[in-house]
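Visitor: Here it is: the structure, laid out below.
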Amino acid sequence: FFTDISVVAERPAMLKICELMLLAMLCSTAIFMHILSCVLYNNWWPMLLVLAYVIAPVPIILMLRSRGDGLLEPGNKIAQHWGEFMTACLLIMIIGIPIILVRGRIIEAGASMMTISGFLLFGVTISLSVFFAKFSDAN
């Protein structure tokens, strides 16, 4: 089989563009779900979770900075454990606040489900971005 060298060389670039388009679509759909959950039910309490999304990178940065560089330098385990604890608290808050708001009859169940599905789409987006990064590093 004869293959065109330029087509083979363009394939990784096209694959990268497709990955970026997929991640952008998923992220924008997640944001759209959050806004739609507020607009459809005319209640802006679900946007409270945006605060958690703004705070979310802080424990991740704390965990990444506290890990050691190698075998002889173990890093700061206390900061790493606080980062893990803060991440768990944020995840519980992101899932729990919509449920508490439904239970208190502040928002409707549909708005809560749309908010939680928006969070799950964010999770899928982050997981796919990590997967694509590891896949591109392997090649």
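Readers should treat all values here as calculations from the given coordinates under stated rules, not as data from a laboratory. Here the structure is a predicted model, which means the values were calculated and not measured. Because the Cβ atoms are built from the backbone with ideal geometry, glycine has one as well, and the counts that use them run over all protein chains shown.
Visitor: Taking the Cα centre of the stretch 12-139 as origin and charging only Cβ (+1 Lys, Arg; -1 Asp, Glu), how large is the dipole, in debye to the nearest 20?
Guide: Roughly 180 debye, rounded to the nearest 20.
Visitor: If you don't mind, another one. Along the Cα-to-C-beta direction of V39, a point sits 7 Å from the Cα; which residues of the stretch 101-139 have their amide N less than 19 Å from that point?
Guide: 108, 110-119, 121-122
Visitor: Moving on to the next point. Please work out whether the stretch 17-139 counts as rounded, prolate or oblate from its C-alpha gyration tensor, where a ≥ b ≥ c are the square roots of the eigenvalues and a/c under 1.5 means rounded, while otherwise a/b larger than b/c means prolate and anything else oblate?
Guide: oblate
Visitor: Would you please state which residues of the stretch 109-139 a label at L22 would reach in this model, taking the label point 7 Å out along Cα→Cβ and a backbone N cut-off of under 14 Å?
Guide: 124-136, by backbone N distance to the label point.
Visitor: I've got another one for you. Where in the stretch 53-134 are there trypsin sites (Lys or Arg not before Pro) that are in a DSSP coil and have at most 15 other Cβ atoms within 10 angstrom of their Cβ?
Guide: Counting only loop positions with at most 15 other Cβ atoms within 10 Å, the trypsin sites (Lys or Arg not before Pro) in the stretch 53-134 are R105.
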